[in-house]
1. Looking only at region 147-173, how many residues end up being within 16 Å of Leu188 (Cα to Cα) and of a type in the set (A, V, I, L, M, F, W, C)?
2. Six or more apart or on different chains, Cβ atoms under 6 Å: show the pairs whose first residue is in region 83-95 and within 11 Å of Val38 (Cα to Cα) and part of a loop (DSSP other than H, G, I, E, B) and whose second is at pLDDT below 95 and hydrophobic (A, V, I, L, M, F, W, C).
3. What residue, among those in region 133-159 that are more than 17 Å from Val69 (Cβ to Cβ) and modelled with pLDDT under 95, is surrounded by the most Cβ atoms within 10 Å (Cβ to Cβ)?
4. Output the number of the condition that Ile112 fails; it satisfies all remaining conditions of (1) among the hydrophobic types (A, V, I, L, M, F, W, C); (2) touching a Gly at 6+ places or on another chain (Cβ under 9 Å); (3) under 28 Å from Leu204 (Cβ atoms); (4) surrounded by 21 or more Cβ atoms within 10 Å (Cβ to Cβ).
5. Which fully enclosed helices (runs of 4 or more DSSP H) of region 104-209 have 3 or more residues being in contact (Cβ under 8 Å) with a residue 12 or more places away in the chain and of a type in the set (Gly, Ala, Ser)?
Amino acid sequence: MSQTNSSTSAATLQRTASSRKRWTATDLGLIAVFAALVAASAIVPGIPVGALGVPITLVTLTVMLSGLVLGAGRGFAAVGLYVLLGFAGLPIFSGGRSGLGILATPSAGYIIAFPLAAAATGYLTSVVIRRTVKFRALWLFAATMVSSIVVIHALGVLGMMVNAKLDFTKAFLADLPFVPGDIIKNVLAVIIAVAIHKAFPDVLVRRVK
């Protein structure tokens, strides 16, 4: 009898875990909404920086916000959908650009990095929500900064080295002006995300328990 109960309990837990991993219509709707949000932030005119003309935009704010609110999987899907639509020809990259030709520009590394950064931020956000209560906003900010530096800026520098034929030092210096703006945008993303989690606690918390 005890073996039967144990088997039943194990099966129930497995079904529960499986159902939590399965995306619902709400999940798909959130992915579409955040993909549109990233696209809208890219359409806002950016500020070209340096001789290469890579623009400062609001995209990194919405990329981080996608990870902070949706978590790793859905955040990656939302930002990935934005990137795929841009590759497909919709003029939703900064400056109204589109198509696979963007991969030959100095901006390529940043664009490739965006879905990865959303996933990294989402994963770290899940860890923060599971393990912290105090100073949660500070830990979330740390998560966005780690993702920004390790993923976005690293791949951004690599993209400029490959497509603009810069050495590491020049590419690093070309990327450096983006860092102060990203710090400000990450602060704003965390403030917005904390407010969303307070208003809608199930949006991510139910997926990390």
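The values are calculated or read from the model by the stated rules, or taken from the named source; none is laboratory data. Worth saying up front: this structure is predicted, and the values here are computed from it rather than measured. So basically every Cβ, Gly included, is an ideal-geometry build from the backbone, and we count neighbours across all protein chains shown.
1. So the count comes out to 0.
2. Every condition considered, the pairs that remain are Ile92/Ala42.
3. So the residue we want is Phe135.
4. (4)
5. By residue number, 108-131, 136-147, 154-163, 178-199.
So that you can scan it fast, the table gives a plain yes or no per residue for (1) touching a helix residue (DSSP H, G or I) at 6+ places or on another chain (Cβ under 6 Å); (2) modelled with pLDDT of 95 or more; (3) crowded, with 16+ Cβ neighbours inside 10 Å; (4) under 26 Å from Pro177 (Cα atoms):
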| site | (1), (2), (3), (4) |
| --- | --- |
| Ser18 | no, no, no, no |
| Trp23 | no, no, no, no |
| Thr62 | yes, yes, yes, yes |
| Arg74 | yes, yes, yes, no |
| Val79 | yes, yes, yes, yes |
